[in-house]
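J.: Encoded as structure tokens, here's the structure I'll be asking about.
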Amino acid sequence: MNGWAKFFLLIVCCIFTLILWPQYNTDSLQFMGLLALLWTCLILLVSIVGNIFALYKFEFLNRLVSLAYLAALLASLIYYFPLENDQTPYLRMKNNIWPTISDAKTGIERLTFNFDFIRRNANNEKNYINQQFDKADSTKKEIKKAVQKTQEMLDIIVEPAEEQESAR
């Protein structure tokens, strides 16, 4: 396994840890960033030393180093990843609290990014027509009513400006 494959394995293990144990806080994310930095430096160091001594020629030794890398990476994630209430994944598994499907769903939701800026940041419903469509039961009549109400509100806002222009 080369350095790029080890780095990809590092990223995958970190993401799966965040998904399976979503009971983490911002300190845990800082820990994950530092852990990724540490393991990236270790990957670079082992790759450089391995290339200096031409260890890539010995396939058995290369596989042994890769398995040791994977075991140490998983051990560092499971034993030291901080969760709420000063727990770790190891302590939770030791107490027979295993990750469930609902934990995985919660973890995926925590890692996803909401691209729907308008609906997420909307504070005033009168300014966003799409929110009124979401409240309708998807029938044409209700959508037409929502559009008519919005048009009436906009007409009321626009009419005083037209009166001011005619007064000039």
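The values are calculated or read from the model by the stated rules, or taken from the named source; none is laboratory data. Because the structure is predicted, anything quoted here is derived from the model rather than measured. Glycine also receives a Cβ, built like all others from the backbone with ideal geometry; neighbour counts cover every protein chain displayed. Just the protein is used for accessible areas: all its heavy atoms, side chains included, with ligands, DNA and RNA removed. Shrake-Rupley method; radii C 1.70, N 1.55, O 1.52, S 1.80 Å.
J.: List every residue pair whose Cβ atoms lie under 8 Å apart, where the two residues are 6 or more positions apart in sequence or sit on different chains, the first residue falls within region 6-28 and is of a type in the set (Asp, Glu), and the second residue, located anywhere, is surrounded by 15 or more Cβ atoms within 10 Å (Cβ to Cβ).
T.: Matching pairs, first to second residue: Asp27/Pro82.
J.: Residues that are in contact (Cβ under 8 Å) with a residue 24 or more places away in the chain, open to solvent by 40 Å² or more (accessible area, probe 1.4 Å) and assigned to a helix (DSSP H, G or I): does region 30-39 have at least one?
T.: Within region 30-39, one or more residues are in contact (Cβ under 8 Å) with a residue 24 or more places away in the chain, open to solvent by 40 Å² or more (accessible area, probe 1.4 Å) and assigned to a helix (DSSP H, G or I).
J.: Of all residues in region 12-29, count the ones that are among the hydrophobic types (A, V, I, L, M, F, W, C), open to solvent by 70 Å² or more (accessible area, probe 1.4 Å) and either over 20 Å from Ile97 (Cβ atoms) or not in a helix (DSSP H, G or I) (or both).
T.: The total comes to 2.
J.: When you look at Gly50, is it under 23 Å from Met1 (Cβ atoms) and surrounded by 12 or more Cβ atoms within 10 Å (Cβ to Cβ), yes or no?
T.: yes
J.: Another question about this same structure. Run Phe58 past the list (1) at pLDDT 90 or above; (2) open to solvent by 30 Å² or more (accessible area, probe 1.4 Å) and report the number of the one that doesn't hold.
T.: Here Phe58 meets the rest and fails (1).
J.: With touching a Leu at 6+ places or on another chain (Cβ under 9 Å) and assigned to a helix (DSSP H, G or I) as the only criterion, which of Leu73, Leu45 stands out? Steps first, please.
T.: Details: Leu45 fails: touching a Leu at 6+ places or on another chain (Cβ under 9 Å).
Step by step, each of Leu73, Leu45 is checked, and only Leu73 is touching a Leu at 6+ places or on another chain (Cβ under 9 Å) and assigned to a helix (DSSP H, G or I).
J.: A follow-up question, please. Filter region 67-107 down to residues that are aromatic (Phe, Trp, Tyr) and open to solvent by 60 Å² or more (accessible area, probe 1.4 Å) and give me whichever is nearest to Leu35 (Cα to Cα). Show your work before the answer.
T.: Keep residues of region 67-107 that are aromatic (Phe, Trp, Tyr), which gives 69, 79-81, 90, 98.
Next, only the ones that are open to solvent by 60 Å² or more (accessible area, probe 1.4 Å) stay: 79-80, 90, 98.
Working: Tyr79: 12, Tyr80: 10, Tyr90: 17, Trp98: 23 Å.
Filtering first and then ranking leaves Tyr80.
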